[in-house]
1. Collect the residues in segment 321-335 that are under 25 Å from residue 214 (Cα atoms), away from the ligand (no atom under 11 Å from the Cβ) and within 16 Å of the chain's Cα centre (by Cα), keeping them in residue-number order.
2. Scanning segment 60-77 for residues that are surrounded by fewer than 19 Cβ atoms within 10 Å (Cβ to Cβ) and more than 12 Å from residue 94 (Cα to Cα), which turns out nearest to the ligand (Cβ to nearest atom)?
3. For residue 166, which of the numbered conditions (1) in a loop (DSSP other than H, G, I, E, B); (2) touching a strand residue (DSSP E or B) at 6+ places or on another chain (Cβ under 7 Å); (3) touching a residue at least 24 places away in the same chain (Cβ under 8 Å) fails to hold?
4. Look through 157, 150 and report the one residue that is over 30 Å from residue 32 (Cβ atoms), within 12 Å of the ligand (Cβ to nearest atom), touching a helix residue (DSSP H, G or I) at 6+ places or on another chain (Cβ under 8 Å) and modelled with pLDDT of 95 or more.
5. From (1) surrounded by fewer than 23 Cβ atoms within 10 Å (Cβ to Cβ); (2) over 24 Å from residue 45 (Cα atoms), pick out the condition that doesn't hold for residue 167.
6. It is to be established whether one or more residues within segment 285-303 are at pLDDT 85 or above, outside any helix (DSSP H, G or I) and within 14 Å of the ligand (Cβ to nearest atom).
7. For segment 172-241, list the helices (runs of 4 or more DSSP H) that sit wholly inside it and hold at least 2 residues that are more than 15 Å from the ligand (Cβ to nearest atom); which are they?
8. Which count do you get for residues in segment 79-90 that are in contact with a helix residue (DSSP H, G or I) (Cβ under 8 Å, 6 or more places away or on another chain) and either buried (at least 19 other Cβ atoms within 10 Å of the Cβ) or closer than 22 Å to residue 316 by Cα (or both)?
Ligand SMILES: NC(=O)c1ccc[n+]([C@@H]2O[C@H](COP(=O)([O-])OP(=O)(O)OC[C@H]3O[C@@H](n4cnc5c(N)ncnc54)[C@H](OP(=O)(O)O)[C@@H]3O)[C@@H](O)[C@H]2O)c1
């Protein structure tokens, strides 16, 4: 039997994403086979396609950072009770496919009764947001924070979890994202016209915000960093703003590291942190598994309502990445092989 995957065949535009057929095999010893229910399309996939990403494998490879699927076969040595279970995994690559093979240790059970697509949004975006809020910046109720790219996948997760934590939130986004940012409890700031840095300053007063969560990078570091209060955190986690005309800058991450990465406390008393969900996961999978399980509980309890922009068939992976590059997605884009 054959199954379909989307293969990234080279760096460049979305025409490097090609539909490919593979032979379905039995799982090897110590491996499970997953029938993928859904996989996310995130801006990191675009960065992998267009340029620098430290954890991208050698080309060609199947992108897809996260997935929810059903264990449909198990290899020797795998606990039989896993068979038929719905599980989630942070794969970094491999999700744009009808099937994949993984070691069981990498799987987190998805509770019965929760929607698979909603569960999927938690795997990358919500864990990233949760860990930045609670493991890095350690925010407290009443703190004010600034979220850049607040209308995007991670941005909307930061807003929803920030609201649960009782934060006062400011979020940058183009006008098309303002309704979403407001609905999630943020004060929307239009970065495309006027001076949003001045506008935040006027609203927060002289002291500054307790934390900035920045997924845009580039000149945002210069502009948003001074908005952090003394002792507060500048948490940097993405480079969306450095992808121009289908190319990602390789210089920007290096300059950023040189300027802010060499020490955790800057001479002016502000703290800087480079957050990477995969950097932590590669060292120890426990925090990821613990945090995802907590988020699944919140979802099952009806406390989270992730913003899903579109559910698309697997063959539309290129279209989904183009939507992200145009900034058209206000939330999570999901590929579903069965559509
Ligand atoms: N470090 C980690 O562990 C980690 C984990 C997940 C994601 N990431 C990174 O986080 C970033 C965001 O990912 P995502 O999947 O949430 O992306 P996304 O859904 O595309 O959201 C990014 C948002 O930024 C806005 N934006 C785009 N270009 C901009 C610019 N030049 N200036 C200001 N705003 C701009 C877009 O909307 P508007 O322009 O319409 O406002 C969009 O809503 C990416 O760089 C991704 O690689 C990092």
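1. Correct list: 334 only.
2. Filtering first and then ranking leaves 70.
3. With (1) in a loop (DSSP other than H, G, I, E, B); (2) touching a strand residue (DSSP E or B) at 6+ places or on another chain (Cβ under 7 Å); (3) touching a residue at least 24 places away in the same chain (Cβ under 8 Å) applied to residue 166, the lone miss is (2).
4. Step by step, each of 157, 150 is checked, and only 150 is over 30 Å from residue 32 (Cβ atoms), within 12 Å of the ligand (Cβ to nearest atom), touching a helix residue (DSSP H, G or I) at 6+ places or on another chain (Cβ under 8 Å) and modelled with pLDDT of 95 or more.
5. (1)
6. No, because not a single residue in segment 285-303 is at pLDDT 85 or above, outside any helix (DSSP H, G or I) and within 14 Å of the ligand (Cβ to nearest atom).
7. 196-204
8. 3
The values are calculated or read from the model by the stated rules, or taken from the named source; none is laboratory data. On a predicted model such as this, the values are computed, not experimentally measured, just so you know. Counting neighbours? That spans all protein chains shown, and the Cβs are built from the backbone with ideal geometry, glycine included.
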